[in-house]
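Comments concern the structure below.
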Amino acid sequence: MVGDDASSVVLPILQGHSILPKLTHTFITLILKKIKSITMVDFQSISLCNVIYKLVTKIISNKVKCVLLGIIFDTQLAFTLEKLIMDNVICAFKMSHAMKWI
């Protein structure tokens, strides 16, 4: 079964064994944005990663996310979900404007 095969490759990597270099190869290709593409603007690049590599990185990112939630403060907006780093820039500008620095 596919699940058993994937598990037999992913589990050793998560237990600290090295990942095979061929699993980290990524192919970058262009896909059409329009039917009649003439210039490079008419294409969009996409990265095609190995499924095993995607599984490993997704598992690791989910584990790290749990830890980060406990060590990142609410004031660090760039690291919180549904917030943008521009929120900090706007906030700093408004504060500077209110203090008559700008």
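Just so you know, all these numbers are worked out from the coordinates, no wet-lab data involved. All values reported here derive from a predicted model rather than from experimental measurement. All Cβ positions, even for glycine, are placed from backbone atoms using ideal geometry, and neighbour counts span all protein chains on display.
List of remarks:
- Backbone phi angles across the range 47-61, fed through the Karplus curve with coefficients 6.51, -1.76 and 1.60 (θ = phi - 60°), yield HN-Hα couplings of 9, 10, 9, 5, 4, 4, 4, 5, 4, 4, 5, 5, 5, 5, 5 Hz in residue order; Gly and Pro are listed as x.
- Sites excluded, trypsin sites (Lys or Arg not before Pro) in DSSP loops with at most 11 other C-beta within 10 Å, longest stretch of the chain: 37-99
- Highest-fluctuation residue, V64, V89, V51 considered, GNM on the chain with Cα pairs under 10 Å: V89
- A cut-off of 5 Å between modelled amide H atoms, ignoring neighbours fewer than 5 places along the same chain, links F43 with K33.
- Counting only Cα atoms, the size of the chain along its three principal axes is 64, 48, 22 Å, in decreasing order.
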